[in-house]
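Written out below as structure tokens is the structure these notes cover.
Derivation of every value follows stated rules applied to the coordinates shown; laboratory data play no part. This structure is a prediction, so every number in the text was calculated from the model and none was measured. For neighbour counting, all protein chains shown are included, and Cβ atoms are generated from backbone atoms with ideal geometry for every residue, glycine included.
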Amino acid sequence: MTTELTLIRHGQAHCTVQGIVGGRRGCTGLTAVGRRQADLVGDRLAREHAERKFAVLCTTPLRRAREAAAIVAKRLNIPVQVVPDLREPDYGEADGKLWRDVMATVTATADEGLYRPIAAGAEPWTAYAARTKAALCTLVSEHRGQRILVVGHGETITTSAHFFLDLPVSMRVTAGFDTTEGAITRWTLQPLEPSRDGTEPRWMWHLTTHNDTRHLQ
């Protein structure tokens with residue numbers, strides 16, 4: 001059966017509304033709007049789940065993602081697995097501060113910022129991308145032929161595109177993959193060509209849905 005990876009961006013978060021760097025310290029969970037968005041995602045996915053089950057529901061450890069995942073899990077009646085390496089970039093001393101204050105101190109260009117942290121103890125984009133790609137690779141390997149559901153962040157979805165499309169890290173500053181809070185993005189692993197003489201067929205990832213918000217209308 002086809003391997004499917006469904007990615008959900010968490011709903012509206014307090015830190016986003018307030019312009020706060022939302023790491024472990026700065027994230028204070030979902031707003032009422034964000035919880036409603038998670039409700040709507042859960043309702044839609046519950047209908048899908050009745051047709052073909054999701055094998056696993058994973059979330060990043062940040063509070064806004066865990067709260068959204070808990071709401072979805074209740075609709076699907078499946079447990080939640082926290083995957084630490086799917087978390088957003090670590091922000092170090094910037095965590096919990098206002099984004100405008102943090103960015104006012106950044107002197108690196110966009111290209112340099114791929115390799116340089118935005119604050120002491122923070123994680124550069126290259127390290128974050130490698131960590132997240134490895135976590136996604138493990139998930140799809142462990143659940144081959146199954147439906148995988150991940151509640152994550154906008155960066156999670158961007159990194160999935162870089163991973164499956166094999167994009168160079170420099171693409172981070174030349175092309176983006178915008179995602180709406182509560183939106184669904186979906187990848188499926190499909191055969192590129194049939195097997196020949198009993199050999200394993202070649203496979204390729206298809207982006208079947210990106211930033212789908214029909215359930216939020």
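The antiparallel fraction among DSSP beta bridges confined to segment 3-216 stands at about 55%. In the chain, the calculated helix contribution to ellipticity at 222 nm averages -11000 deg cm²/dmol per residue, counting -39,500 (n - 2.57) for every DSSP H run with n ≥ 4.
GNM remark for the chain: springs join alpha carbons under 10 Å apart, and the peak mean-square fluctuation among Glu123, Glu155, Glu48 falls on Glu48.
Given the options Leu207, Leu86, Leu149, state which has the largest fluctuation in a GNM of the chain using a 10 Å cut-off (strictly under) for Cα springs. Largest GNM mean-square fluctuation: Leu207. Considering only alpha-carbon pairs that sit under 8 angstrom and 6 or more positions apart, the relative contact order computed for the chain is 29 percent.
Name the most mobile residue of Ala55, Ala13, Ala65, meaning the one with the largest mean-square fluctuation, in a Gaussian network model of the chain with Cα contacts below 10 Å. Answer for the Gaussian network model of the chain: Ala55. For the chain, hydrophobic long helices are taken as DSSP H runs at least 18 Å long by C-alpha position along their axis with mean Kyte-Doolittle hydropathy of 0.0 or more; these are 125-142. Across the options Thr158, Val102, Ala55, the greatest Cα extent toward the positive end of the charge dipole of the chain (unit charges at beta carbon of Lys, Arg, Asp, Glu) belongs to Ala55. For the pair segment 174-192 / segment 95-128, the C-alpha centres are spaced 25 Å from each other.
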